[in-house]
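Only one structure is covered here, and it is reproduced in the block below.
The values are calculated or read from the model by the stated rules, or taken from the named source; none is laboratory data. Note that this is a predicted model, so its numbers are computed, not measured. As a convention, Cβ positions derive from the backbone with ideal geometry for all residues, glycine included, and neighbour counts pool all protein chains shown. In case anyone asks, the SASA skips ligands and DNA or RNA and just uses the protein heavy atoms, side chains included. Shrake-Rupley method; radii C 1.70, N 1.55, O 1.52, S 1.80 Å.
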Amino acid sequence: MPKGKKQAQKDSEGTLLFKEVLHHGRFSGNRIGEKIYCILDAGNSSFYVVEGEEKAAVIDTGITAGAKILPVIRELTDKPLLLVITHAHPDHMYHIDEFNEVYMCHDEKKMDPETLSVLTAGKLKPWEEIHDIRTDSVIPLGGTELAVCQTPGHTPGSVVVLETKQNYLFTGDAIGSGCGVWMQVPGGTSLEEYYDGLVGLMAWLVKKGGRMKFFGGHHTQVFESTAHPVYNPLSLGVLADLIDLVDQVIHGENLGRPSNAKPFSKEQVRYASYGRAEMQYCVSRIHRK
């Protein structure tokens, strides 16, 4: 961390914390690992900074209209920056125009252009300016690297990102953030396709040792679960329950109940849960077309 730029303090366990005071106090965050930081934006979206010896990666951007995130990030690192976007929704890539080197899975182009434009708030760069990433893509930072696994579902190009030195897994919205995944969002896949993506993700994580620390795209949602309202952090166990839940819905064994979650069409949204997994979905998008 650049000397003199940050007022730092120690909590009772000795963890270095920081409170961002720029932009009228609209950002806050903490160090979650060695040279790894979590930042919370004004709308409760989380984005992350991973600093290597040569470069620093920003994973997602949050959405804070009327503000820039680069001044916040520059309080943490002076290394050359790159941006990795977990999926093409505005609360994860709104500040894409602040970065020159950008990575995102081009499977997001499977969404029709109008839907994609709406979901990205018109902020999307031309695709030729965005590096494509796929399962087993590796982005070196120096001393550590980021490995990618595609997890289509919430969007067709959703990915999770694994920092390989300390085993930190950044999941965006691919499996929710503690209060369930939204599968009623326009442009997402069917639940059958989502099931295949989740099984693929589980196999990929197990192959890499299975002992990751999970961080979602909205980390305060660990306290907002319906099924486990006190605390429901992401883990390999949540992923296993989510695989079972999606399978149950596909086979008509657990259709849940009507939900008050935000609808994106006239169709009724439903809520289903199993174990520590929760999901909002629409019946019309259970099966492949």
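A few remarks follow.
- Across region 77-91, rounded Karplus estimates of 3J(HN,Hα) from the backbone phi angles (6.51 cos²θ - 1.76 cosθ + 1.60, θ = phi - 60°) give 8, 10, 6, x, 10, 9, 10, 10, 9, 6, 5, 8, 10, x, 6 Hz, Gly and Pro being marked x.
- Inter-centroid distance (Cα atoms) of region 239-286 relative to region 52-115, Å: 30 Å
- Whether region 250-289 is rounded, prolate or oblate, judged on the alpha carbon gyration tensor where a/c under 1.5 counts as rounded: oblate
- Each residue was assigned an accessible area with a 1.4 Å probe, and for Glu253 the value is about 130 Å².
- Within region 130-163: backbone nitrogen closer than 17 Å to the His106 label point (7 Å, Cα to C-beta): 130-138, 150, 156-159
- Accessible-area order (highest first, 1.4 angstrom probe) of the listed residues Leu124, Leu162: Leu124, Leu162
- Using a Förster distance of 22 Å, the FRET efficiency for Asp97-Gln166 (Cβ separation, nearest 0.05): 0.15
- Residues considered: Thr77, Thr226, Thr115. Largest GNM mean-square fluctuation over the chain, using C-alpha springs under 10 Å, is found at Thr115.
- Packing-based ranking of 53-65, 208-220, 229-241 yields 53-65, 208-220, 229-241, ordered from highest to lowest mean Cβ neighbour count within 10 Å.
- Here the 3J(HN,Hα) profile of region 175-189, calculated from phi with Karplus coefficients 6.51, -1.76 and 1.60 at θ = phi - 60°, is 10, x, 10, x, 10, x, 8, 8, 10, 8, 6, x, x, x, 8 Hz, Gly and Pro shown as x.
- A helix-only calculation puts the chain at -4500 deg cm²/dmol for mean residue ellipticity at 222 nm, using -39500 (n - 2.57) for each DSSP H run of at least four residues, averaged over all residues.
- Solvent-accessible surface of region 58-115, averaged per residue with a 1.4 angstrom probe and all protein chains in place: 34 square angstrom.
- Within region 148-175, backbone nitrogen closer than 17 Å to the virtual label 7 Å beyond the Cα of Glu54 toward Cβ: 164-165
- Cα shape, region 113-241, gyration tensor, a/c 1.5 rule: oblate
- Heavy-atom accessible area with a 1.4 Å probe sorts Arg257, Arg26, largest first, into Arg257, Arg26.
- Fraction of accessible area attributable to carbon and sulfur, the chain (%, probe 1.4 Å): 51 percent
- Remark: region 235-279 carries 51 Å² of accessible area per residue (probe radius 1.4 Å; ligands, DNA and RNA excluded).
- Shape call, region 171-289: gyration tensor on alpha carbons, a/c limit 1.5: oblate
- Seen against the Cα atoms of the chain and their longest principal axis, helix 191-207 is set at about 50 degrees.
- Relative contact order, percent, region 128-258 [alpha-carbon distance under 8 Å, six or more residues apart]: 21 percent
- Helix 236-250 and the long axis of the chain differ in direction by around 30°, with both axes built from C-alpha atoms.
- The length gained by stretching the chain between Lys262 and Thr135 to full extension, at 0.36 nm per residue less their Cα-Cα distance, is 42.6 nm.
- What the phi angles of region 41-50 give under the Karplus curve with 6.51, -1.76 and 1.60, with θ = phi - 60°, is a coupling list of 8, 5, x, 6, 9, 9, 9, 10, 10, 10 Hz, glycine and proline written as x.
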